[in-house]
Amino acid sequence: MFVSVPGVYRPQPDTRLLARAMTDAALPRGAQVLDACTGTGALAIHAARSGAAAVTAVDLSRAALASAWFNSRLYGVRLELLCGDVTRVVEGRTFDVVVANPPYVPSEAHPPEDGPARAWDAGWHGRHLLDPLCEMMPQLLAVGGTALIVHSAVSGIAATLTRLRAGGLKATVVARTVIPFGPVMRSRLEWLRERGLIQPEQEHEELVVIRADRTR
């Protein structure tokens, strides 16, 4: 169980899917890990408890980092907590493992507005952060490093694979699950249908975890 202050994205099915993918990937003990868009710190804590030597957790929200700090103390692990845009605050650093559960829900606001909704709203195509994160992944990963990114199929699986591979990474889908639309998706069904992002009668979405490896 993770404590979350009001306005902070709580662990959801996407969080749990990514945590299982981390376990299945048998990520190396002693790894340097980056958790991008940490929220409550759930994935960062999972990495630390799985044997990571050091875990850096990044989020734009100070409230999220406060939650992550509290949860790290609750679970007895140490995290490096950084507030800011992940594409900037870790620039120039490399990691053995990068995990990311970024905002990925398409929204009319572009760029996404400030406030709690920025934890899920991700611009017109749902890729406001996904695209720059994919583009910088080759620089974030050490040689032999692995990234695991979770997002909805609505925001474009092929686009993520293409951008990661364009950076010289080996990328593939390693986990999938289908869930009913949550409150955010249900609140904008007509807009999503008008844009052709979902089918007329669609009531579920597929979540995927994409793995990217830097082999050289």
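Whenever you get a sec, compute what percent of the accessible area on the chain sits on carbon and sulfur atoms (1.4 Å probe).
On the way: 5430 of 10480 Å².
Carbon plus sulfur share of accessible area: 52 percent.
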Residue of Ile157, Ile198, Ile149 that the Gaussian network model of the chain assigns the largest fluctuation, springs spanning Cα pairs under 10 Å = Ile198
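Rolling a 1.4 angstrom probe over the protein heavy atoms, how many square angstrom per residue are accessible across the range 113-204? Don't jump to the answer; show the numbers that get you there.
On the way: 4630 Å² over 92 residues.
Accessible area per residue, the range 113-204: 50 Å².
With all pairs of different alpha carbon atoms counted, what Kirkwood hydrodynamic radius in Å does the range 91-203 show? Could you put the intermediate results ahead of the total?
Working: mean 1/r = 0.0663 Å⁻¹.
The Cα-based Kirkwood calculation yields 15.1 Å.
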Scan around Ala122 for amide H atoms under 5 Å from its own, H built in the peptide plane at 1.01 Å from N, and keep only partners 5 or more places away or cross-chain.
-> Val105, Ser107
Which residue, chosen from Pro180, Asn71, Asn101, occupies the Cα position most advanced towards the positive end of the dipole of the range 58-214, where the dipole is computed from +1 (Lys, Arg) and -1 (Asp, Glu) charges on Cβ about the Cα centre?
-> Asn71
For the range 59-149, divide the Cα radius of gyration by the Kirkwood radius and give the resulting Rg/Rh value with two decimals.
-> 0.99
Can you give the convex hull volume per residue for the Cα atoms of the range 115-181, as a whole number of Å³?
-> 107
With an 8 Å cut-off on Cα pairs and a minimum separation of 6 or more residues, tell me the relative contact order of the chain in percent.
-> 19
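Given charges of +1 on the Cβ of Lys and Arg and -1 on the Cβ of Asp and Glu, with all other atoms neutral, how large is the dipole of the chain about its Cα centre, in debye to the nearest 20?
The calculation lands at about 680 debye.
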DSSP-assigned coil residues among GluC sites (Glu not before Pro) in the range 101-180, each with at most 14 further Cβ atoms within 10 Å | Glu108, Glu113
Convex hull volume per residue for the chain, taking Cα atoms only, in Å³ | 107
May I ask for the net charge around Ala166, where only other residues with Cβ less than 15 Å from the Cβ of Ala166 are counted and Lys, Arg are +1 while Asp, Glu are -1?
-> +2
Over the range 82-158, what is the mean sequence separation of C-alpha contacts under 8 Å (at least six apart), divided by residue count, expressed as relative contact order in percent?
-> 40
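The values are calculated or read from the model by the stated rules, or taken from the named source; none is laboratory data. This one's a predicted model, so the numbers in the text were calculated from it and none came from an experiment. With ideal geometry, Cβ positions are generated from the backbone for all residues, glycine too; neighbour counts draw on all protein chains shown. For accessibility, only protein heavy atoms count, side chains too; no ligands or nucleic acids. Shrake-Rupley method; radii C 1.70, N 1.55, O 1.52, S 1.80 Å.
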